[in-house]
Amino acid sequence: MNPLVANPPVATPFFFYLLSGIMIIGGILVITRKNAVHSAIALITALLAQAGLYLMLYAPFVAGVQIILYAGGIMVLFLFVIMLISIERTMKERQFNKQWLVGIAAAAALGGLFISVYAKGKSLFPEGHPLYPEAQNTQAIGALLFDSRTGMYMFAFEIASLLLLVAIIGAVVMAKKRI
Amino acid sequence: MPDETKSPSSPPEGEPKPAADKPASPGGVKATPSGSDASPAQSAETKPTPEKPAAAGQKPAAEAKPAAPPAKPAAAGHPAPPKPAGPTPTPWDAPLVAKFKREYGSGINALTYLGQNYLEVDRSLISEVLERLRDEEQFDYCVDITAVHNPKREKQFDVVWILYSFPRNQRMRVKTQIADGESLPSSVSVWATANWLEREVFDMFGIKFDGHPDLKRILLPDGWKGFPLRKDYGILQQDNEWVQINLGIESGQ
Amino acid sequence: MNSSLLQSIVDYVQSYLSSNQTPGVAGNWFWATVYVLLVFAGVSVGVICMNWLERKILAHMQVRLGPMRVGPHGLLQPIADALKLLLKEDIIPAEADALVFWIAPFIVDLAAFTVFIVVPFGPAHAVTDMNIGILFMLGVSSLSVLGIVTAGWASNSHYPLIGALRSSAQMVSYEVAMGLAVVSAIMMTSLSAEGGTLSMIGIVQRQQEQQVWFVFKFFPLGLVAFAIFAIAMIAETNRAPFDLPEAESELTAGFHTEYSGFRWSLFFLAEYAAMMAVSSIAVTLWLGGWLRPFPNALHGATWDLIFSFFPGLTFLFLGGLCFFNASRMPKHPFFKIQTMGLAAFGAVLGLIGLVLFVPGIRERVQDIFWFTAKVAAFMYLYIWYRGTFPRYRFDQLMKVGWKVLLPTGLALLILTAVVAMRTEVWAEVVVPMWLGFADLLRRIF
Amino acid sequence: MTDPKTLSPPSLETHVAARDETFLDTNELVINMGPQHPATHGVLRVILRLDGEKVLGLECVIGYLHRGVEKIAENRTYAMFNPYVDRMDYVAAVSNGLGYCEAVEKLLNVEAPPRAQYIRVILTELNRIASHQLWLGTHALDIGAITPLFYTFRDREEILKIFEKYCGARLTTHAFRIGGLQYEAYDGFEQDVKNFVKFVKPKIDEYEELLTTNRIWLERTKGVGVISGRDCIALGVTGPVLRASGVKWDIRKAQPYANYKNFDFEIPTGLNGDTYDRYLVRMVEMRQALRIIEQAVEGIPEGPIMAKVPKVIKPPVGEIYHSIEAPKGELGYFIVSDGSTQPYRVRVRPPSFVNLQALDLMCRGQLVADVIAVIGTLDIVLGEVDR
Amino acid sequence: MDAMLHISTLHYLVLGAALFLLGVIGVLTRRNVVIVLMSIELILNAVNLNLVALSRYWQGMPARLGGGAQALHGQVFAIFVITDAAAEAAVGLGILIAFFRNKETVNVDEVNLLKW
């Protein structure tokens, strides 16, 4: 018997709007702050809120990976780099480039596209409440990734590890002054 | 106490002590009770005359100087000359001295006082003598560099190098006299340790060392006025000035 | 009406007490909140106790007495310290980034305290039981590095910055070895009939099922994994001999050099809370969590009964210790209040001990007791290390992390995987794979 | 062991480490360590030029504790200046006093009587142990081991108690007078010293147990702050630092003063000239000091404790340089007398000051943490550096 | 109002779209490379949110259509995206450091040469 099935989460709308509000505000702060460290902290907050959303979507494993990798790993790397480059001068410079208007226009166009897609293809989009069938999420993902019978991402997984290896080497090559 | 200059019970390298120290050690205390007013000039003459033409060429220049070395023992510290109570310096005999005398003539004066040997060297020879002391005579360790101020003399400063030779287990001092404002060649290239020691001499006496890599005050703050170890430096002046500037009152000292 | 209300409350409590689920899993928000508060209070009290214990134990290791003035044997010293810290002026350096400077200690504290919601003090004594419990703990505790980095950066000073860089590098690199050790333990859980689990409670239950603490499983593999974790967790919490980020002699106080008063005390709180948190992970994964010691050698109802007396006996012993020391206090009237206070404290401890002998309470509490006792042993180790070891240098620390612990962890992981492999896997995967490989070779040559 | 005969002028250039590649060397960091810093043993200020954590070079800023001791001397009589020297190396005050008293005695041509000499040696060697204990405690503390500090202070306390009983002072003792001693050894002095020797021997083993084979201690000290015997001599570095670099030179043996020639003891030397060797050398020195004390306390002769020194000390015109082996190295006094009651000039040759000069050389290419270790291992006392 | 209070998959998709747009604006308008990289992270996260939300939706589908407990491909994909993001951040920041060392700036407008 699965406790998650037995107990659908309470106050879903409240938490959804809370977390999505945090995410939107965090996102806005990321792209508007002068100081890159503030941006990074805003981004971290948004990422953690997103982990909360994953939990609400019954994807605890993705949530855990999100926290460990994104908040605990990638963002630390970001902060590390921000500290290494001197920030004072960057802050004095102009923050937005000349084509900011174009950029916003492009984004607005993209947003319009989204809206039109939604308006035109309303029937394509899922509605109604999803069921809560899922029990052993982490185990299921593990099986999907690695199991010899049901797994179908084994190869992709190995490729991903290769990608990470290449990224490590690439980062070292790039950042090191003389090899 | 006389033991001190005797051959040590176990010299570090088992190096035989130079003969020069031997007569000095008992003599330091009782055996030579004052008296021998052997002027350095005399003793210089007893030495073989300089053979080298180069040294001979120097001679006229050095000739003018004997005035200084003889004046030296007297001036070594003589605001108050009265009674010759203690022992007086005696000439120092050693192969090293003989060699230097041969080459530099009267520019060099070797003496022993209380069993401690020192060379009085003319300022123009100092860099060469120091370098040769290290290279040829194995004085590889510069113990200290310091100075003494004698405001009443014309050449106000005695600058003293205290040297030690590890292979010979022997100490000696090199002294030279310079006037106020004169500078000395730096010996940092000879002994690396001279760096801070020279800085301190500069700091305290205002003696400049040419060729020093970074000659600036070391113990006193950069903005310090005057050179404290000069005899004419008023102890209170700095304090008075500070009090006047910072507190706006007369110092009570 | 009043009695019925009381009755319903009693029923409610009773229903909870007989429940075998954690409040989070049972969806019981009231009890979950109570538990959160309890855990928070418990951890805070633990930090206070640790503060006193560390000073006393370290002092006695170092032939001195430690705090003796505030309260008998300095028992009230932590409270005095806390008051002092709270009342101190809150200084934010003029050149600091005030906002980030302000936030940083809270990030660290948040990370340190949040992990406790999955720490299993007993089969039903946890705020909640998460499907990804251990992953959650590792992830959230790794967030504290963010707080440290931002604290170091926001101070706008060289020492904190270097301290923060050191700290982040150290924590990130030791997380790797730590993760490997954890994975090997998780692999061991998969040997149970129910399959593997990441849930903290599940891990302890698997140990119970397999009738072995994982530290002894596949000897010496479990032990090595435990050792790797035990080393990595000290580095992870920046404690001696890995306390470089706050190496006093080099960086004054590392990333929290510029912090003072309340904000500094938050870092202090977080450090000790994090120490307890990682110790809890170690206890859960390898030392059988809430399970009592010697479950195999000394099993049976009698032994269960005897072991269930331990919590009460411990408190009685502590109370007796207080009385003993009270009797040794100087008889001078100046010490009268202190003596009385110590005796009263002893009496309170003794009373608690007596209460813990009550059968219903006894059974419910012994899980918590054993868990706490194991964590306390780790806490003592932390203090002991601090009294004994010199500090590693930064490059040596990195060397230990990357060149010793990481390869050992990898080898350990592979070995555990091989040893733990079930027979049908051998039959279905490994043997065919090698056969196929041999076949391939045969065809080529 | 370096053979001093083969020594030639050192080439310090080899040590000036070129700035080679490190990870992320985006910019050079200049860090100011001190003067208020827990690991600079007082008020030393070190300006570090860092590349990441690697030291590219450093500059010492000293003088914060400068009190003008040499100037003070010119305005005091010989006897009045005696207490001032205690304030230079305040953890080895007795040694300072010994050097000064012997220098003036030499200038006066007198010698302290044998009994005084023996007591002097006992006190000086006790003080050497105290100084080394303090060094060990603080050095270990710098490297992160906090416990040895308390052990060494506990044991140093016993030495200070003996000083206190002998002359009433614990730190700046002013134990000796020109010409001998002021105070006769108190009753039970010998027994106290013997008890102390018996007490401290296992304690030194205890320190060694904590540190000598400790892995982390080895890693932190081996190969750190290496200086060759040749560089030591060129930089005038003396004392345990010089001996740890393999040069077997100790003034107590090379040019014995007091009556050290009567005692049997070894000079420990190191092989590598690193921090660990300096640690070992000092540990052995403590044991050797105990050996000297044992011999001295057995052989204290009876007799006067003061030589015939006039009431008003007026040395003849002249100058003298006298040096002793202080715990830190060669401590020399260069005194110029003009025949009056006040010294015309007193120059102190402080071992800490000269040894500190080697810090730059020893730290180049090392990490920040090593700077701390090296400052600790040089065993400087800022009171002596700045005078 | 019911649509507001009843959180369906669509809500997540709208949130994802909004974050995506924010990320796009950031990439297009900011000059600081670090913030541009962070905006890219924002975009990737928006995509991840969509993936996980749709995976959730698909699990609610009948098993004969491929739904059910095993329909976690979206989540697996999200994990791969996170992996990708890690690689991207590492290389991107490495390039950034190399760039900063040579030009002493992190301004993206200055990246206008194909060589250093």
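The values are calculated or read from the model by the stated rules, or taken from the named source; none is laboratory data. What you see is a predicted model; the values in this text were computed from it and never measured. Counting neighbours? That spans all protein chains shown, and the Cβs are built from the backbone with ideal geometry, glycine included.
The single residue among D:179, D:229 that is within 12 Å of another protein chain (Cβ to nearest Cβ) and either in contact with a Cys (Cβ under 8 Å, 6 or more places away or on another chain) or on the phi > 0 side of the Ramachandran plot (or both) turns out to be D:179.
Each row is one residue, and each column tells you yes or no for (1) within 9 Å of chain B (Cβ to nearest Cβ); (2) in contact with a Gly (Cβ under 8 Å, 6 or more places away or on another chain); (3) over 19 Å from residue D:99 (Cα atoms); (4) surrounded by fewer than 21 Cβ atoms within 10 Å (Cβ to Cβ).
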{"site": "D:283", "(1), (2), (3), (4)": "no, no, yes, yes"}
{"site": "D:314", "(1), (2), (3), (4)": "yes, yes, no, yes"}
{"site": "D:337", "(1), (2), (3), (4)": "yes, yes, no, no"}
{"site": "D:344", "(1), (2), (3), (4)": "yes, yes, no, no"}
{"site": "D:367", "(1), (2), (3), (4)": "no, no, yes, yes"}
{"site": "D:370", "(1), (2), (3), (4)": "no, yes, yes, no"}
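For the condition out of contact with any helix residue (DSSP H, G or I) (no Cβ under 7 Å at 6 or more places or on another chain), surrounded by fewer than 23 Cβ atoms within 10 Å (Cβ to Cβ) and more than 15 Å from residue D:347 (Cα to Cα), residue B:154 qualifies. With respect to (1) among the aliphatic types (A, V, I, L, M); (2) within 20 Å of residue D:348 (Cα to Cα); (3) free of Cβ contacts under 8 Å to residues at least 60 places away in the same chain, the lone exception for residue B:178 is condition (2).
Which one is farthest from the chain's Cα centre (by Cα) among residues in segment C:85-100 that are more than 11 Å from chain A (Cβ to nearest Cβ) and within 17 Å of residue C:161 (Cα to Cα)? Spell out the reasoning first.
Restricting attention to segment C:85-100, the residues satisfying the condition of being more than 11 Å from chain A (Cβ to nearest Cβ) are C:85-94, C:96, C:98.
Restricting the remaining residues to those that are within 17 Å of residue C:161 (Cα to Cα) gives C:92-94, C:96, C:98.
Working: C:92: 31, C:93: 33, C:94: 37, C:96: 33, C:98: 32 Å.
Among them, the one singled out is C:94.
Only one of the listed residues (C:82, C:94, C:98, C:124) is of a type in the set (A, V, I, L, M, F, W, C), surrounded by 20 or more Cβ atoms within 10 Å (Cβ to Cβ) and farther than 17 Å from residue C:276 by Cβ. That residue is C:124.
Here is a list: D:239, D:229, D:303. Which entry is surrounded by fewer than 22 Cβ atoms within 10 Å (Cβ to Cβ) and touching a residue at least 12 places away in the same chain (Cβ under 8 Å)?
D:303
Yes or no: segment D:269-279 includes at least one residue that is hydrophobic (A, V, I, L, M, F, W, C), at pLDDT 85 or above and out of contact with any Lys or Arg (no Cβ under 9 Å at 6 or more places or on another chain).
So in segment D:269-279, the residues hydrophobic (A, V, I, L, M, F, W, C) come out as D:271.
Right, trim to at pLDDT 85 or above and you get D:271.
Filter once more, so that each one left must be out of contact with any Lys or Arg (no Cβ under 9 Å at 6 or more places or on another chain): D:271.
Among the residues of segment D:269-279, at least one is hydrophobic (A, V, I, L, M, F, W, C), at pLDDT 85 or above and out of contact with any Lys or Arg (no Cβ under 9 Å at 6 or more places or on another chain), which makes the answer yes.
Quick grid of which residues meet (1) buried (at least 23 other Cβ atoms within 10 Å of the Cβ); (2) more than 12 Å from the chain's Cα centre (by Cα); (3) more than 11 Å from chain D (Cβ to nearest Cβ):
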| residue | (1), (2), (3) |
| --- | --- |
| B:134 | no, yes, no |
| B:140 | yes, yes, no |
| B:165 | no, yes, no |
| B:173 | no, no, no |
| B:179 | no, yes, yes |
| B:183 | no, yes, yes |
| B:186 | no, yes, yes |
| B:192 | no, yes, no |
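Of the residues making up segment E:24-44, those that are facing chain A (nearest Cβ under 7 Å), free of Cβ contacts under 8 Å to residues at least 40 places away in the same chain and closer than 22 Å to residue A:81 by Cα are E:26, E:28, E:29, E:35, E:38, E:39, E:42.
State yes or no: is residue E:70 surrounded by 24 or more Cβ atoms within 10 Å (Cβ to Cβ), facing another protein chain (nearest Cβ under 8 Å) and modelled with pLDDT under 90?
On the way: surrounded by 24 or more Cβ atoms within 10 Å (Cβ to Cβ): no; facing another protein chain (nearest Cβ under 8 Å): yes; modelled with pLDDT under 90: yes.
Spelling it out, it is not the case that residue E:70 is surrounded by 24 or more Cβ atoms within 10 Å (Cβ to Cβ), facing another protein chain (nearest Cβ under 8 Å) and modelled with pLDDT under 90.
Here residue D:80 meets each of (1) outside any helix (DSSP H, G or I); (2) surrounded by fewer than 22 Cβ atoms within 10 Å (Cβ to Cβ); (3) away from chain B (no Cβ under 14 Å) with one exception, condition (1). Each residue in segment C:222-255 was checked for being in a helix (DSSP H, G or I), at pLDDT 85 or above and crowded, with 22+ Cβ neighbours inside 10 Å, and 10 pass.
Any idea how many residues of segment C:196-206 are closer than 30 Å to residue C:108 by Cα and in a helix (DSSP H, G or I)? Step through it out loud before you land on a result.
As a first pass, look at segment C:196-206 and keep what is closer than 30 Å to residue C:108 by Cα: C:197-204.
Narrowing further to those that are in a helix (DSSP H, G or I): C:200-204.
So the answer is 5.
Each row is one residue, and each column tells you yes or no for (1) at pLDDT below 85; (2) within 15 Å of the chain's Cα centre (by Cα); (3) among the polar types (S, T, N, Q).
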site	(1), (2), (3)
D:301	no, no, no
D:310	yes, no, no
D:320	no, no, no
D:323	no, yes, yes
D:330	no, yes, no
D:350	no, yes, no
D:356	no, yes, no
D:363	no, no, no
D:377	no, yes, yes
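Residue-level check: of (1) crowded, with 23+ Cβ neighbours inside 10 Å; (2) in a loop (DSSP other than H, G, I, E, B), residue D:265 misses just (1). Looking at the structure I just gave you, is residue C:103 of a type in the set (Val, Ile, Thr), touching a helix residue (DSSP H, G or I) at 6+ places or on another chain (Cβ under 9 Å) and assigned by TED's automatic domain parsing to the domain that holds residue C:144? It is true that residue C:103 is of a type in the set (Val, Ile, Thr), touching a helix residue (DSSP H, G or I) at 6+ places or on another chain (Cβ under 9 Å) and assigned by TED's automatic domain parsing to the domain that holds residue C:144. Among the residues of segment C:82-117, those identified as assigned to a loop (DSSP other than H, G, I, E, B) and of a type in the set (Val, Ile, Thr) are C:91, C:92. You will find that of D:143, D:129, the residue that is within 18 Å of the chain's Cα centre (by Cα), touching a residue at least 60 places away in the same chain (Cβ under 8 Å) and either buried (at least 24 other Cβ atoms within 10 Å of the Cβ) or at positive phi (or both) is D:129 and no other.
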